[in-house]
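Quick notes on the structure that follows.
The values are calculated or read from the model by the stated rules, or taken from the named source; none is laboratory data. In this text the structure is predicted, and so the values were computed from the model without any measurement. Note that we place each Cβ from the backbone using ideal geometry, even for glycine, and neighbour counts take in every protein chain shown.
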Amino acid sequence: MLNCIYRIPFEINPEQLIELAKLANYYRCLPAASNNLYACFSMSPNFDIHKARDLIESAYKLRQPLLFRDCVIFIAGTMQRMSPLLYQDKNLNTQQALQQVLMAVRNKIFENHLEAQEAMYTKAGSSRELFKTMKEISIKVLEQDFFCQPYFYRKLLDREEEFFEDLNDVLSGNLQLDNSAMAGVGYFDYHFFCADLSDEDLPWDTTETDW
């Protein structure tokens, strides 16, 4: 906490950040903690954004844009059923604000997904070879327990560069704290990271300097 007050950067992990948010709230120095986290993140290359569901409330309390955006994009980007968050904060206004921004970003991701799907089918329909390739990849993906749309797009793009223009946007990554995360690859077979969250869409007043 003292490091944040005196603007001393340090390496931080998700568990420490959650505790930091609690202390900053108790000592009424949330802005100082939030601002210092930018430098902390630059010193924490292995920060685990996989814990986004645990971090999102702390990110909201701190009003930390970088962390909050990554948490929202990570949570909203899953193509599996999005299970309800188990909120620690029982304030209904907080819960409603988080749910609204999560659903807004999820809708953006689905829009990108549907646009990519339409473009992909249009292109495949104009070429027998491309349609054959798409069908082969679909069959391989269906051999898994579930059909993973991000994984399917990634495999299709790896196999056929003709689909680059159609699939590049939906497979793009907007996570800032984990540049290694790739939609449809490994742990992220079920994830898209193509949405963005502007300052205007953040669920707090960005002009406030004290909260």
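Select, from L114, L142, L175, L197, the only residue that is among the aliphatic types (A, V, I, L, M), within 18 Å of M82 (Cβ to Cβ) and without any contact (Cβ under 8 Å) to a residue 24 or more places away in the chain. Selected residue: L114, the only one of L114, L142, L175, L197 that is among the aliphatic types (A, V, I, L, M), within 18 Å of M82 (Cβ to Cβ) and without any contact (Cβ under 8 Å) to a residue 24 or more places away in the chain.
Looking at segment 80-184, what helices (runs of 4 or more DSSP H) fall wholly within it and have at least 1 residues that are of a type in the set (D, E), at pLDDT 95 or above and surrounded by 15 or more Cβ atoms within 10 Å (Cβ to Cβ)?
Working: elements: 92-125, 128-142, 149-159, 164-167.
Those helices (runs of 4 or more DSSP H) span 164-167.
Among all positions in segment 198-211, there is at least one residue which is within 15 Å of the chain's Cα centre (by Cα) and either farther than 27 Å from L66 by Cβ or assigned to a loop (DSSP other than H, G, I, E, B) (or both). It is to be established whether one or more residues within segment 63-72 are touching a Pro at 6+ places or on another chain (Cβ under 9 Å), under 24 Å from D201 (Cβ atoms) and in a helix (DSSP H, G or I). Yes, that holds for at least one residue.
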